[in-house]
């Protein structure tokens with residue numbers, strides 16, 4: 001059954017009020033959209049007026065929403081169409097019947113417009129763009145040529161034959177160049193030759209390096225699995241963290257404060273990792289720094305001012321040892337000196 005033509009009222013809902021274009025995503029103007037139209041676009045808009053479109057497209061509806069939220073200025077909306085140009089034919093008369101299905105106003109012409117003329121037609125089908133099923137074809141590597149017998153020189157290993165130039169007196173250097181070129185052409189062969197060379201070449205006098213010939217000066221390479229035994233030195237803490245006792249000795253030897261020691265440990269950790277030093281070593285160093293606190297005390301005394309122009313007394317904090325005998329015994333015990341040593 002053929003479709004009947006749309007009348008003028010139905011065509012009103014096919015045209016956007018703002019851009020006055022036909023689209024597939026046009027909805028009727030009602031509810032909040034109607035309020036926004038009257039607030040930001042046409043204040044006296046009447047949805048029942050037959051001279052005005054009754055639809056709005058998705059794009060203009062989005063712009064209208066952004067204007068209502070204050071995200072965009074009101075002037076981004078297009079100027080309203082001159083709806084006075086819409087002339088609706090008169091209704092049916094006895095002599096000239098003009099039904100609404102045959103309305104020829106500009107709004108109905110836009111609603112009935114051909115999408116090909118409006119630039120909305122779908123693109124033509126192209127059979128070459130059809131995607132094939134399955135995994136995409138990957139470019140295969142170049143296969144090796146079919147083997148065929150060739151003649152080579154037994155001295156320089158260069159192929160010989162008609163049209164191939166070959167020196168009359170080939171040298172050992174020519175043989176090296178030809179073999180090196182053939183090694184590059186076969187994948188993985190250069191690695192195998194290098195590995196065999198490193199394991200078979202006799203060691204040098206120190207037993208850790210081997211000499212490899214080049215096109216110039218020979219190259220010294222460390223042999224795999226060998227270490228320089230002559231100059232090897234065993235680190236005290238090669239595979240373990242440095243304990244707090246050694247850090248304390250390091251601090252006292254260099255005369256470092258706690259802050260200076262902490263900065264030095266920061267550099268050591270950045271070089272060797274966080275496990276290079278015993279965890280919480282700074283807390284232990286702070287406890288060691290306070291181990292003599294029980295032998296000392298402070299007192300506030302009034303002393304003569306050190307300034308010559310002042311003849312008054314000033315209050316100063318004085319640190320003194322309140323247990324000299326106990327301090328001496330503690331120092332002797334810490335250094336491992338017996339108390340009855342006659343040299344004291």
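Since every read-out is calculated from the coordinates, none of them should be taken as a lab result. All values reported here derive from a predicted model rather than from experimental measurement. Note: ideal-geometry Cβ built from the backbone for every residue, glycine included; neighbour counts use all protein chains shown.
Assign one of three labels to the range 263-342, namely rounded, prolate or oblate, based on the Cα gyration tensor with a ≥ b ≥ c the square roots of its eigenvalues; rounded applies when a/c is under 1.5, prolate when it is not and a/b is larger than b/c, and oblate otherwise. Oblate is the answer for the range 263-342, as a/c is 1.5 or above yet b/c matches or exceeds a/b.
Which of rounded, prolate, oblate describes the range 244-289, given a ≥ b ≥ c as roots of the alpha-carbon gyration tensor eigenvalues and a/c under 1.5 marking rounded, otherwise prolate only if a/b is larger than b/c? Because a/c hits 1.5 or more and a/b exceeds b/c, the range 244-289 counts as prolate.
Indicate the gyration tensor shape class of the range 29-76 (rounded, prolate or oblate), computed on the Cα atoms with a ≥ b ≥ c the square roots of the eigenvalues: a/c under 1.5 is rounded; otherwise a/b larger than b/c is prolate and the rest oblate. Each step should come with its number before you reach the end.
Numbers: a/c = 2.10, a/b = 1.75, b/c = 1.20.
The shape class here is prolate.
Model label sites at residue 144 and residue 177, defined 7 Å from Cα along the beta-carbon direction, differ in position by 2.6 nm.
A crude spin-label estimate for the pair residue 185 and residue 164, with each label 7 Å from Cα along the Cβ direction, gives 0.8 nm. The label-point distance for residue 219 and residue 84, in a model that sets each label 7 Å from Cα toward Cβ, rounds to 9.1 nm. Debye-formula intensities of the range 8-118, expressed as log10 I(q)/I(0) at q = 0.20 Å⁻¹, are -1.05 (one equal scatterer per alpha-carbon, no solvent).
Based on the reciprocal of the average 1/r between different C-alpha atoms, the Kirkwood radius for the range 296-335 equals 12.5 Å.
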